[in-house]
Structure formats: C-alpha cells, structure tokens
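Q: Okay, here's the structure, questions in a sec.
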Amino acid sequence: MFTTALAQRKLTQTAEPPLDLFEAIQALKRELNAIILAHYYQEPDIQDIADYIGDSLGLSRQAANTDADVIVFAGVHFMAETAKILNPNKLVLLPDLAAGCSLADSCPPEAFAAFKAAHPDHLVVSYINCTAEIKAMSDIICTSSNAVQIVRQIPEEQPIIFAPDRNLGRYVMEQTGRNLVLWQGSCIVHETFSEKKIVQLKISHPEAEVLAHPECEPAVLRHATYIGSTTALLNYCQRSSASTFIVATEPGIIHQMQKEAPQKHFIPAPPMNSCNCNECPYMRLNTLEKLYWAMKNRTPQITMSEEIRLAALQPIQRMLEMSPS
Ligand code: 13P
Ligand code: SF4
C-alpha cells in the first residue's frame with residue numbers, strides 16, 4: 001500500500017512510545033550523534049535527560065560550539081532558531097513547533113521595520129527573545145545575562161533602540177544610565193507576577209530573599225534582593241546565606257535550584273490569577289514523549305531562508321564577541 005511521508009509519520013506517532021523513554025532517548029542520541037540542549041523552564045524529566053541546561057546565552061554558546069550532527073532543542077522556537085542560525089548544516093529539532101514566545105510575538109517584523117525607519121540614526125540592540133526576522137534587522141543581540149554589559153560597550157553618544165522587552169530595556173536603562181528607545185513588548189509570564197502576593201509572602205517569610213528575572217515589571221523588581229538571568233539566579237541562590245527564596249521567574253528553574261541547594265526552600269512567586277505558580281505555556285508544550293518522537297522521526301525541524309539566516313547571524317556573532325565567557 002502507498003503511504004505518504006505525512007501519513008507514515010502519523011502512523012508512527014500513533015504507535016505506543018517505548019516504556020522506558022529515558023533509555024530510548026539515550027539510544028537515539030547515540031544513533032543520531034545528537035546533543036540535547038534544554039532551558040531551565042522545561043519540565044523536570046527533560047532537564048534530567050539534557051546534556052546541557054542553561055540560560056539563553058549559555059545555550060547559544062553550546063549551540064555555537066557543538067560538534068554533534070543533530071541538536072535537539074528543548075526550549076522555545078526563538079532558541080532553536082538561534083541554534084539553526086549558528087549551525088546551518090545541522091539538523092535542529094524542536095519537540096513541539098508551536099512552542100513560541102509571547103515576547104517574540106509582541107514584535108512583528110513589519111511594525112518593527114517602521115519603528116526602526118522612524119529612528120534612522122539608532123543602533124538596534126535586540127533581546128534574543130525575538131524572531132529571526134527581527135534579529136536580521138538588528139545590530140547586536142543580547143540576552144538577560146549580558147544586556148547591561150553590551151549596552152555599556154556602545155559609545156555614549158550613539159542612540160539606541162532596545163527591543164522587544166520593555167522591562168529588560170527599562171532595567172538596562174537604570175543600570176547603565178543610558179536613555180534607550182524601547183519597543184513596548186513584554187512576556188506574559190513575567191508581567192503577571194502579583195506584587196501584592198509577593199509582599200504577603202515576604203510578610204509571612206521575613207527571612208526570605210526575592211529572586212527576580214529582569215523581564216518582571218518594575219513593581220515586582222523593586223522587591224527583589226537579586227535580579228538576573230536564570231543561570232545568575234541559580235548561582236545566586238547557592239552562594240547566598242539565606243535559606244528561603246521567593247522565585248519570581250518561571251518555576252521550572254526551581255527543579256535545578258532544589259538539586260543544587262537541597263537544604264534550601266524555594267517558593268514560586270504567584271501570578272495575579274488564582275494559580276499558585278506561573279508556568280510558561282509555550283515552554284511547557286514540550287514533553288519527554290514529544291522529544292522522543294522528534295528524535296525518532298527527525299521532525300519537527302527548524303528551517304529558514306538563507307538570506308534571513310545570514311542577516312540574523314551577524315548580530316548574534318557580535319553578541320558572542322562582546323560577551324566572551
Ligand atoms: P534566560 O536567558 O534568563 O534564561 O531567559 C530566557 C527567557 O525566556 C526568560 O523568560
Ligand atoms: Fe517567552 Fe516569557 Fe515564555 Fe520566556 S517565559 S519563553 S519570554 S513567554
């Protein structure tokens with residue numbers, strides 16, 4: 001019987017996954033010569049099987065340096081896309097192609113092109129949480145761990161557009177004393193932490209320190225003991241003498257915090273709605289089972305035009321040069 005590739009894939013995916021997904025994924029990793037890169041916001045099982053877990057900068061560095069043939073990216077689309085921009089000849093797999101990012105979506109290319117045209121003398125520094133099209137229109141990419149460091153390296157007299165996250169942009173303005181023209185984007189996870197509930201938690205846990213990602217709103221950041229990228233927050237909770245932390249970022253990171261500091265207590269900061277924690281709906285689309293099927297079927301994979309890739313590559317390379325490890 002004749003079966004199309006799509007029908008064949010559907011047939012394969014309706015098959016039962018193996019009982020031991022961990023073992024099956026390890027076997028596929030050897031077969032494909034693959035590396036699994038995962039962000040801290042992934043579910044604990046994915047973090048536990050990953051070869052490397054990190055923040056966006058660490059993941060980009062790993063992607064730039066790997067000699068694997070296949071990169072399995074357990075994160076969101078812009079992260080896997082960055083890996084593909086750096087590795088045009090490698091197969092880059094994302095377990096669920098719908099794993100997008102509200103921040104990247106908040107900066108559509110056409111509107112951004114008009115914004116850029118309205119500020120012709122400005123240099124464009126874009127947060128890595130944006131599409132390849134926005135990267136292609138940017139001069140330098142940054143992440144939450146190097147944004148301040150990168151803006152400090154740009155001459156004082158050079159005007160700058162910072163996109164797409166207004167909260168990280170505002171934080172960079174405070175830290176550098178620079179006046180940046182901000183694109184008004186935001187992240188649905190970090191903008192919904194409740195200042196009121198964080199203050200209530202501080203009252204009931206007076207010994208606790210508040211850890212916050214710079215994508216949070218200023219009302220939350222002003223209560224933070226420490227502000228940083230996911231990796232920076234993880235490192236801080238290990239060296240701090242505090243034993244309790246209120247964590248104002250996606251709660252997936254608490255899995256690593258608990259592993260690195262098992263004697264300490266981590267409380268996820270609650271959002272404004274009735275939930276107790278604030279998971280990223282995009283990051284959580286990836287599951288261990290989808291990761292298995294992606295490796296088994298070598299799909300879904302990241303693709304893009306060579307023209308966009310080459311234009312997006314330059315500002316990423318500039319970032320890597322401006323923030324040596
Ligand atoms: P980090 O680079 O700090 O891990 O941030 C990634 C992200 O998407 C935060 O929402
Ligand atoms: Fe995007 Fe926010 Fe999810 Fe990070 S947490 S991937 S910025 S939607």
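Q: List the equivalent ellipsoid semi-axes of segment 91-133 in whole Å, largest first, each obtained as the square root of 5λ for an eigenvalue λ of the Cα gyration tensor.
A: Working: eigenvalues 135, 24, 14 Å².
The three semi-axes for segment 91-133 are 26, 11, 8 Å.
Q: Counting DSSP beta bridges in the chain, what percent are antiparallel, to the nearest 5? Numbers along the way, then the final one.
A: Numbers: 2 of 34 bridges.
Antiparallel bridges: around 5 percent, rounded to the nearest 5.
Q: How much accessible surface area, in Å² rounded to 10, belongs to the heavy atoms of residue 265 with a 1.4 Å probe?
A: 90 Å²
Q: Seen from all sides and averaged, what is the projected area of the convex hull of the Cα atoms in the chain, in nm²?
A: Working: hull surface 74.2 nm².
For the Cα atoms of the chain, the hull's average projected area reads 18.6 nm².
Q: Per DSSP H run of n ≥ 4, the term is -39500 (n - 2.57); total these for the chain, divide by its residue number, and report the mean residue ellipticity at 222 nm rounded to 500 deg cm²/dmol.
A: Values: 16 runs with 142 residues, N = 325.
Roughly -12500 deg cm²/dmol at 222 nm, from the helical runs in the chain.
Q: May I ask you to evaluate 6.51 cos²θ - 1.76 cosθ + 1.60, the Karplus curve with θ = phi - 60°, for each residue of segment 311-324 and list the ³J(HN,Hα) values in order in whole Hz, giving x for glycine and proline?
A: 5, 6, 5, 4, x, 6, 4, 4, 4, 5, 5, 7, 9, x
Q: Show me, for segment 206-213, the HN-Hα J-couplings you get by feeding each phi into the Karplus relation (A = 6.51, B = -1.76, C = 1.60, θ = phi - 60°), rounded to Hz, glycine and proline as x.
A: So the Karplus estimates, Gly and Pro as x, are x, 7, 6, 9, 9, 9, 9, 7 Hz.
Q: Right, here's the next one. Does segment 193-306 come out rounded, prolate or oblate, given a ≥ b ≥ c as the square roots of the eigenvalues of its C-alpha gyration tensor, rounded meaning a/c under 1.5 and, failing that, prolate meaning a/b above b/c? Don't skip to the end; give the middle numbers.
A: Values: a/c = 2.23, a/b = 1.86, b/c = 1.20.
Prolate, because a/c is 1.5 or more and a/b exceeds b/c.
Q: Report Rg/Rh for segment 90-212, rounded to two decimals, where Rg is the Cα radius of gyration and Rh the Kirkwood radius.
A: Details: Rg = 16.8 Å, Rh = 16.1 Å.
Across segment 90-212, the Cα-based Rg/Rh ratio is 1.04.
Q: Let me ask something additional. Taking H as built 1.01 Å from N, whose amide H comes closer than 5 Å to the amide H of residue 142, not counting residues under 5 places away?
A: Hits under the 5 Å cutoff: 126, 127, 128.
Q: What list of ³J(HN,Hα) values in whole Hz, one per residue of segment 171-187 in order, does the Karplus curve 6.51 cos²θ - 1.76 cosθ + 1.60 (θ = phi - 60°) give from phi, with Gly and Pro shown as x?
A: Using θ = phi - 60°, the values come out as 4, 5, 4, 4, 6, 9, x, 8, 9, 9, 8, 9, 6, 8, x, 7, 9 Hz.
Q: Something else: Which of 186, 194, 274 moves most in a GNM of the chain, Cα contacts under 10 Å?
A: Judging by the Gaussian network model, the answer is 274.
The values are calculated or read from the model by the stated rules, or taken from the named source; none is laboratory data. In this text the structure is predicted, and so the values were computed from the model without any measurement. Just the protein is used for accessible areas: all its heavy atoms, side chains included, with ligands, DNA and RNA removed. Shrake-Rupley method; radii C 1.70, N 1.55, O 1.52, S 1.80 Å.
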